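Q: Structure in structure tokens, see below.
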Amino acid sequence: MSSRSVIPFGPQHPVLPEPIHLDLVLEDEKVVEAVPSIGFVHRGLESLVTKKDFKEMVYVAERICGICSFGHGFGYCDAVEHIMDIQVTERANYLRTILFELSRMHSHILWLGLMADAFGFENLFMDTWRIREKVLDMLEAATGGRVIFSILDVGGLRKDIPDDMLKGFLPVLKDIEKELAVDIRTFLNDGAVKSRLCGVGVLSAEEVENLGCCGPFLRGSGVKRDSRKLGYAAYDDIDFDIVTSTDCDTYGRTYVRANEILQSIRIIRQAVEKIPAGEVMVPVKGFPNGEHMTRLEQPRGEACYYVKANGTKFLERMRVRTPTFANIPALTQTLQGCELADVPILVVAIDPCISCTER
Amino acid sequence: MSTVNYVGQALKNLFSKPATCKYPFEPREFPERTRGHVENDMDKCVLCGLCQMRCPTGAITVDKKEQTWAIRPFSCIQCRSCVDNCPKKCLSMDRQYQEPGERKIEKKFDLSDSQKEALAAQAKAAAEKAAAAKAAMEAKKKAEEEAAAKAAEAGDTAGAAEAPKE
């Protein structure tokens, strides 16, 4: 038996967009154990609810993470709206759906780029990010911000997005679809790429269920579960498929994310077609009193928002269960027994968002 | 399964124009809604302080005594809350991003002279109106008191007259 050695991985590592530290216990080139430690970007945002007005808290919720910004703002607003019994207008629901899918697209395209970077395909990485820029431009034109939108508010949206602007998005989406097809073909069919993805980090459907995974990671192992099917916002009026893959490895997860971008485009097209006219904001009176738990599908998986209010303008408690938090156990599981060279790919495969996890 | 899948795109990238713009020589065009930084038109501002109340980060300070409006641009999160809540519409969102700096500065704006005069005239008019209202109130109160006293007197005599009947 060869001797063991421990290699620190992170918090600063070229493949990591955010700081997470892993102690990799190696036996020759094989990882036998991986011990994660987090806590580098904890900001205590959850406890801010006791000091910030419940309406101002929307801005804080949006800033939990830069990439899932819209998802966090939406989760918070949805929970508070349920407590206050506010019925958001139909148009606001549709606009929220469109913005949510746009942000899902930019998150997934970002992930594809990071994955390309992790297996060393620089050209593909830059090309995906070039395409992502178009999504960001659409978001900036619609909301005024590239990643932090500040358009959500309790009761609806702070600003309407005119119909002609939404219609103007459709040709851009067509462009993106066309350009992305080349990249997706490379991700899914290229021999060199496949040799890095296939059979890496295999977890069966039963294992991912037992580890409590969520999001594309779960669907990449063939479990058909997507919180969007719960029908919040306007998702129950819109027809879309849950993308799954039975490959159960990193290739399957890439397949799911790549095809989810195309599903998002499909959702946006339907929403733009069906969107009704009307107001986007409902007047909000009084303070929330009660508690609620909201479940929603963020780009990285299912997030849970728990909000407890006590009838004053400050909330009592907010708790966010973020998707990366649920996927970290699966990460340590997949790392056991893998080659050292595959570690970056496996870390990126869960789409780690450490800012979300630590808040 | 081919390993040359991406060659077409790679060749295209080699011979096409760069996707990025040549930044300092070619300034970026922002869409209409871009939130860059907050500007205040001091010709219209009335120093009501609503923006200060609504700012989630407390970046805005309104000093009514000194007649200044100040913003700490490095604390501002460009949420547009102040602009949306401004009753005089003197606050606006400029599309250009805030310039970077070495220190966290505070930008102070003095009220323009014409606005200062206008506000002073307004305050004077308001004070006069308040004084007039106060005088009127006092006169009314006095009249009411007198009337009440008279009524009480009359009531006393009436009560005295009616009392034996019961």
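Q: Please enumerate the residues belonging to segment B:80-106 that are part of a loop (DSSP other than H, G, I, E, B) and among the small types (G, A, S).
A: Step one: filter segment B:80-106 for residues part of a loop (DSSP other than H, G, I, E, B), giving B:80, B:86-90, B:95-106.
Selection gives B:G101 alone.
Q: Can you name the number of the only condition in (1) farther than 15 Å from A:Y235 by Cβ; (2) crowded, with 20+ Cβ neighbours inside 10 Å; (3) within 14 Å of another protein chain (Cβ to nearest Cβ); (4) not aromatic (F, W, Y) that A:L99 fails?
A: (1)
Q: Sticking with this structure for a sec: Which fully enclosed helices (runs of 4 or more DSSP H) of segment A:310-359 have 2 or more residues being at pLDDT below 85?
A: Details: elements: A:323-335, A:343-349, A:354-358.
Fully inside segment A:310-359 and qualifying: A:354-358.
Q: B:M93 versus (1) open to solvent by 60 Å² or more (accessible area, probe 1.4 Å); (2) within 14 Å of chain A (Cβ to nearest Cβ): which is the lone unmet condition?
A: If we test B:M93 against (1) open to solvent by 60 Å² or more (accessible area, probe 1.4 Å); (2) within 14 Å of chain A (Cβ to nearest Cβ), just (1) comes out false.
Q: Just checking, which of B:T57, B:T34, B:T61 is open to solvent by 50 Å² or more (accessible area, probe 1.4 Å), facing chain A (nearest Cβ under 9 Å), under 38 Å from the mean Cα position of the chain (by Cα) and at pLDDT 85 or above?
A: Numbers: B:T34 fails: open to solvent by 50 Å² or more (accessible area, probe 1.4 Å); B:T61 fails: facing chain A (nearest Cβ under 9 Å).
Criteria check complete, one pass: B:T57.
Q: Further, regarding this structure: Quick one: which of A:G113, A:G144 is more than 19 Å from B:T20 (Cα to Cα) and free of Cβ contacts under 8 Å to residues at least 24 places away in the same chain?
A: On the way: A:G113 fails: more than 19 Å from B:T20 (Cα to Cα).
Being more than 19 Å from B:T20 (Cα to Cα) and free of Cβ contacts under 8 Å to residues at least 24 places away in the same chain holds for just one of A:G113, A:G144, which is A:G144.
Q: Could I ask something else about it? Taking A:V282 and the conditions (1) open to solvent by 60 Å² or more (accessible area, probe 1.4 Å); (2) touching a strand residue (DSSP E or B) at 6+ places or on another chain (Cβ under 7 Å), which numbered condition does it fall short on, given that it satisfies the others?
A: Exception for A:V282: condition (1).
Q: Still on this structure, please answer the following. Conditions: (1) within 29 Å of A:I131 (Cα to Cα); (2) open to solvent by 30 Å² or more (accessible area, probe 1.4 Å); (3) in a loop (DSSP other than H, G, I, E, B). A:L262 meets all but one. Number of the miss?
A: (3)
This table checks each residue for (1) buried (at least 20 other Cβ atoms within 10 Å of the Cβ); (2) hydroxyl-bearing (S, T, Y); (3) assigned to a helix (DSSP H, G or I).
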position: A:V31; (1), (2), (3): yes, no, no
position: A:Y76; (1), (2), (3): yes, yes, yes
position: A:Q87; (1), (2), (3): no, no, no
position: A:L95; (1), (2), (3): yes, no, yes
position: A:R104; (1), (2), (3): yes, no, yes
position: A:S107; (1), (2), (3): yes, yes, yes
position: A:L124; (1), (2), (3): yes, no, yes
position: A:R130; (1), (2), (3): no, no, yes
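Q: When residues of segment A:265-279 are filtered for being open to solvent by 20 Å² or more (accessible area, probe 1.4 Å) and within 29 Å of A:H108 (Cα to Cα), how many remain? Steps first, answer last, please.
A: Let us first name the residues in segment A:265-279 that are open to solvent by 20 Å² or more (accessible area, probe 1.4 Å), namely A:266, A:269-270, A:273-279.
Imposing the further condition that a residue be within 29 Å of A:H108 (Cα to Cα) reduces the set to A:266, A:269-270, A:273-276.
Residues meeting the conditions: 7.
The values are calculated or read from the model by the stated rules, or taken from the named source; none is laboratory data. Please read all numbers here as calculations on a predicted model, not as lab measurements. Quick reminder, even Gly has a Cβ in these numbers, built from the backbone with ideal geometry, and neighbours come from all protein chains shown. Just so you know, the surface numbers come from the protein's heavy atoms only, side chains and all, with ligands and any DNA or RNA stripped out. Shrake-Rupley method; radii C 1.70, N 1.55, O 1.52, S 1.80 Å.
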